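Contents: one structure, followed by commentary.
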Amino acid sequence: MTVEEARAQLEEFRVLIDDVDRRIVALLNERTQVVENIGRVKRQAHLPIYEPRREDQVFANITGCNHGPLTPEAVRRIFERIIDEMRTIQKLRIIETISDGDQ
């Protein structure tokens, strides 16, 4: 393979990666909308944001459907970060709701 062929192939792969990244962002935003709905229900029912058992269920679900090449540990680490960000969003929404006087 020549350098020019390699560069052309890399550019094709980068276009694919850019498309995948956009789809990931769209899915993360979709997930965030669901999390906001969950937060609303929890707030109305005075339930805690953090539910360790539910997180364990999420981890079991995502590692169970993972067929690689990501390892189960890698998938779990990625979702730990996603869940942490989602929890932060729920907390921010609670603060916004309190400051708006809409408990």
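The values are calculated or read from the model by the stated rules, or taken from the named source; none is laboratory data. Being a predicted model, the structure only gives us computed values, none of them experimental. Note: ideal-geometry Cβ built from the backbone for every residue, glycine included; neighbour counts use all protein chains shown.
Under the condition of being part of a helix (DSSP H, G or I), closer than 15 Å to Ile82 by Cβ and either in contact with a helix residue (DSSP H, G or I) (Cβ under 9 Å, 6 or more places away or on another chain) or at pLDDT 95 or above (or both), the residues counted in the range 40-55 number 1.
Before we move on, is Asn29 at pLDDT below 95 and either surrounded by 10 or more Cβ atoms within 10 Å (Cβ to Cβ) or not charged (D, E, K, R) (or both)? Spelling it out, it is not the case that Asn29 is at pLDDT below 95 and either surrounded by 10 or more Cβ atoms within 10 Å (Cβ to Cβ) or not charged (D, E, K, R) (or both). Could you tell me whether Thr63 is exposed (fewer than 15 other Cβ atoms within 10 Å of the Cβ), among the polar types (S, T, N, Q) and under 25 Å from Val25 (Cβ atoms)? Judged against the criteria, Thr63 is not a match. Are any of the residues in the range 46-54 aliphatic (A, V, I, L, M) and closer than 30 Å to Ser99 by Cβ? Looking through the range 46-54, at least one residue is aliphatic (A, V, I, L, M) and closer than 30 Å to Ser99 by Cβ.
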